[in-house]
Each structure stands twice: as C-alpha cells, then as structure tokens.
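What follows is a set of notes on a single structure, which appears directly below.
The values are calculated or read from the model by the stated rules, or taken from the named source; none is laboratory data. What you see is a predicted model, and the numbers here were worked out from it, not measured in a lab. All Cβ positions, even for glycine, are placed from backbone atoms using ideal geometry, and neighbour counts span all protein chains on display.
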Amino acid sequence: VIRCLIDAKASLETANNGGWTPLMLGAKAGHLSVVTCILDACRSRCCIVLGTVNTKKTRSQLQRPPAPPPSPAHPELLKTVLEARNQQGDSALTWASWNGHISIVKRLVQAKANVEAANVEGQTALVLAAMAG
C-alpha cells in the first residue's frame, strides 16, 4: 500500500493534526519496510527533480545563462522528513528509540537524522532509549 501511494506521488512530508508524518508513524510502529520505502522515495524525488532531463539546446538557450534546475516544494526533502516533529516535539528517531526498534534507529541515523534533537520535555533519542531499556 505504501509503495502504491508513493508511486502516486503522495506527499511524504504531510502531517496529521497531531503533527505525525508517515515516517514517524512507521518508525513508531516498527515497520522497517515503510521507513525504508519513505527514505528511498525522499532521495529519489530529490534526484529526479534536480537531474537533467533535456540535453538538446537551441542557439538562444546556449547564449543565455543556465537556468537553475527546477526545485521541488522542499529542495531538501529528506532533511525535511527526517527533522519533522509532532506536537510533543518527537521525531521518527525519538519514537523508534523509545520503542526499541534498533533496525529503524540504524536506518534513520544512516540517513542523517539529528541524534541530538530533543522533544518538548528535553528528551533526546538516547534519553528515551535509556528510559525504555
């Protein structure tokens, strides 16, 4: 279902009323395949938008300065999705840490999630992991 929606260009960064994004929900529930699919889609969408599509140039195009590549709604989509916080200030990484989902924590850290980010109570992913045991 996740792949079908992502292929249909569903927004990866949209959150519900509580600030929960698809990445947060997948991380909290321990769904590694969902987390991986979302992270891969973030990378893929950024590459597609920033890549060169048309290499044929007319004479007038060659004389003009190159136009900047088209930018997505969020040029740093992966960073936006990784750093998203819910109303309590929790991220996908803090939820995965609190719930002991080591494979997801590793995947998020590899993707450069901010390990020092704290929620509204000042709890980082490490603090939450220590509390959970």
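Just checking, does the range 82-89 include any residue being touching a Phe, Trp or Tyr at 6+ places or on another chain (Cβ under 6 Å) and either over 21 Å from Thr14 (Cα atoms) or not β-branched (Val, Ile, Thr) (or both)?
Let us first name the residues in the range 82-89 that are touching a Phe, Trp or Tyr at 6+ places or on another chain (Cβ under 6 Å), namely 86.
With the extra rule that they be either over 21 Å from Thr14 (Cα atoms) or not β-branched (Val, Ile, Thr) (or both), the set shrinks to 86.
Yes, the range 82-89 has at least one match.
Mind checking which residues of the range 4-48 are of a type in the set (S, T, N, Q) and either within 14 Å of Asp90 (Cβ to Cβ) or without any contact (Cβ under 8 Å) to a residue 24 or more places away in the chain (or both)?
Ser11, Thr14, Asn16, Asn17, Thr21, Ser44
Go through the range 6-65 and count every residue that is in a helix (DSSP H, G or I), surrounded by 11 or more Cβ atoms within 10 Å (Cβ to Cβ) and modelled with pLDDT under 90.
Result for the range 6-65: 7.
Can you tell me which of (1) outside any helix (DSSP H, G or I); (2) of a type outside the set (Gly, Ala, Ser); (3) closer than 19 Å to Ala15 by Cα is the one Lys79 doesn't meet?
Checking Lys79 against (1) outside any helix (DSSP H, G or I); (2) of a type outside the set (Gly, Ala, Ser); (3) closer than 19 Å to Ala15 by Cα, the one that fails is (1).
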